[in-house]
Amino acid sequence: MSGDFIWRDAGRDVVFRQDGLDAALPLLRENGFAPFELLSTPRALAGAGELAVAAEEIHEVDPGGVPKAAAALLDKVRSQRLVALGGGRTIDTAKAVASVTGARVAAIPTTMSGAEMTGIHRLPEGAEDRVSGLVRPALVIADPELMTSQPEAELRMSSMNALAHAADSLYTPYANPVSQMTALQGAGAIAKALDQDPGSRDRGMLALGSVLSGYAIDSGMFALHHVICQTLVRVCGTPHALTNAAILPRAMAFMVPRAPNHLIALAAVLETDTDHIELRIQAMGGDPPGLGSAGADEAKLDEAIEAILNRTELSFTPSPPSGKELRELIESAW
């Protein structure tokens, strides 16, 4: 199993340890997060234990998108020290609130969303003119067992979200030797862990792959895959993890002729080649169902494609796709 470590990086501490949730309170105190207010969800709070007891206030993050959830909390959150316990939506909501209030954020992830590692998030609805800057958590407490606690089918789809952070960051204009090295190491760790039997899987390796991949996308930014997935989730109402799992194999196959050297390197750490990268990633994700079976609104596909084409980040893709090519790629995952 991957060993515990502390990673100090440009004003941020990442504490990776097997008992991270149990040790959260002393770690928070050591890093200046006392007292604090806690942002979470009912599911995460059920296992929060002493963390919930110690919080000055507990704010349950509303269902739905980050902009509305963050806006609903702006007048309720008063502390300059926020702790987010939950998945990507919870952590991104804390970051969005802090972008207006100036609070410091500590993140304790319960999934492999990667949100704990990035300064990438949406803004509170109606408060965009009050934002002073995007927020990256100053403290990350990464507990591998907590991050990988989902049932197997959900865990595999969540892993594809993490893998996408590594893969999509490899070929952008902001990619650099550190982000690319980290992306490939993260992708390789995810692949090795998913190839293991679920009952004896090295969850530390899987969680480490997620953390490294989150670092890579924060540094190298994103392109085709994330522009497509983010837009489909917002416009067509597709589930986040399933969307990543369904689109990623097609997106990487699409990128082979556009970024061949980067995709050869990615295929190698996934222990395949570029001719078989689509099938390899699809199998890693558990052969997820198509987007249409998840209730995606096909009537809004034209709107989604137009929105994708208007996203600045699409230009970070080598030889950006046309609307026709986007439609073919998305429909192949429907």
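Laboratory data are not the source of any read-out in this text; all were calculated from the coordinates shown. This structure is a prediction, so every number in the text was calculated from the model and none was measured. Neighbour counts are summed over all protein chains in view; Cβ atoms, including those assigned to glycine, are modelled from backbone coordinates with ideal geometry.
What lysines could a cross-link reach from K300, if we take a straight Cα to Cα line under 23 Å and drop same-chain neighbours fewer than 8 places away?
Of all the lysines, those that pass the test against K300 - Cα under 23 Å, at least 8 places apart if same chain - are K68, K324.
Tell me, what is the FRET efficiency for D4 and A52 to the nearest 0.05, using R0 = 22 angstrom and their Cβ-Cβ distance as r?
Between D4 and A52 the formula returns 0.35.
Please report, in Å, the Rg and the Dmax of the stretch 5-147, where both are computed over Cα atoms only.
13.5, 41
Name the residues whose placed amide hydrogens come within less than 5 Å of the amide hydrogen of A142, ignoring near sequence neighbours (fewer than 5 apart) on the same chain.
Amide H neighbours of A142, under 5 Å, 5+ apart: V15, F16, R17.
Could you tell me how far the Cα centroid of the stretch 246-274 sits from the Cα centroid of the stretch 173-197, in Å?
For the stretch 173-197 versus the stretch 246-274, the Cα centre distance is 13 Å.
Tell me, what ³J(HN,Hα) does each residue in the stretch 60-73 have, in order and in whole Hz, if you take phi through Karplus 6.51 cos²θ - 1.76 cosθ + 1.60 with θ = phi - 60° and put x for Gly and Pro?
7, 6, 4, x, x, x, 4, x, 6, 4, 5, 4, 5, 9
Report, in cubic angstrom per residue, the convex hull volume of the C-alpha atoms of the stretch 72-215.
Taking the convex hull of the Cα positions in the stretch 72-215, it is 111 Å³ per residue.
Stick to the Cα atoms of the stretch 244-291, pair each with every other, and give me the Kirkwood hydrodynamic radius in Å at one decimal.
Hydrodynamic radius (Kirkwood, Cα only) of the stretch 244-291 equals 10.6 Å.
Please give the peptides 311-322, 90-101, 146-157 ranked by average Cβ packing (other Cβ atoms within 10 Å per residue), highest first, as a rough proxy for protection. Write out the running numbers ahead of the final one.
On the way: 311-322: 15.9, 90-101: 27.5, 146-157: 18.3.
The most tightly packed comes first, giving 90-101, 146-157, 311-322.
Bin width 20 Å, origin at 0, all Cα-Cα pairs of the chain: what percent of pairs per bin?
33, 59, 7
Summing Lys, Arg as +1 and Asp, Glu as -1, what charge do residues with Cβ under 13 Å from the Cβ of E325 carry, E325 excluded?
+2
For the stretch 5-147, give the magnitude of the charge dipole about the Cα centre (Cβ charges: +1 Lys/Arg, -1 Asp/Glu; no others), in debye to the nearest 20.
Dipole magnitude for the stretch 5-147 comes out near 320 debye.
Going 7 Å from the Cα of K68 along its beta-carbon direction, which residues of the stretch 218-245 have the amide nitrogen within less than 13 Å of the resulting point?
234-235, 237
Which one, G49, V100, F16, is farthest towards the positive end of the dipole of the stretch 5-147 when Lys and Arg carry +1 and Asp and Glu -1 on their Cβ?
Final value for the positive-end residue is V100.
For the stretch 8-67, state the average projected area of the convex hull of the C-alpha atoms over all orientations, rounded to one decimal in nm². Let's see the in-between values first.
Values: hull surface 21.5 nm².
Approximately 5.4 nm², given one-decimal rounding.
Restricting attention to the stretch 166-245, which chymotrypsin sites (Phe, Trp or Tyr not before Pro) occupy a DSSP loop and are surrounded by at most 16 other Cβ atoms within 10 Å?
Answer by residue number: Y174.
For the stretch 152-332, I need the span (max minus min coordinate) of the C-alpha atoms along each principal axis, in Å, sorted largest to smallest.
43, 34, 28
Put one equal scatterer on each alpha carbon of the stretch 212-290, apply the Debye formula with no solvent term, and list log10 I(q)/I(0) at q = 0.13 1/Å to two decimals.
For the stretch 212-290, the Cα-only Debye profile gives -0.41.
Quick one: putting +1 on the C-beta of Lys and Arg, -1 on the C-beta of Asp and Glu, what dipole do you get for the chain around its Cα centre, in Debye to the nearest 20?
With Lys and Arg at +1 and Asp and Glu at -1, about 580 debye.
Divide, for the stretch 142-245, the radius of gyration over alpha carbons by 2.2 N^0.38 Å, where N is the residue count.
It is 1.05.
Starting from the amide H of H59, placed 1.01 Å from N in the peptide plane, find each other amide H under 5 Å away whose residue is 5 or more places distant or on another chain.
L38, L39, S40
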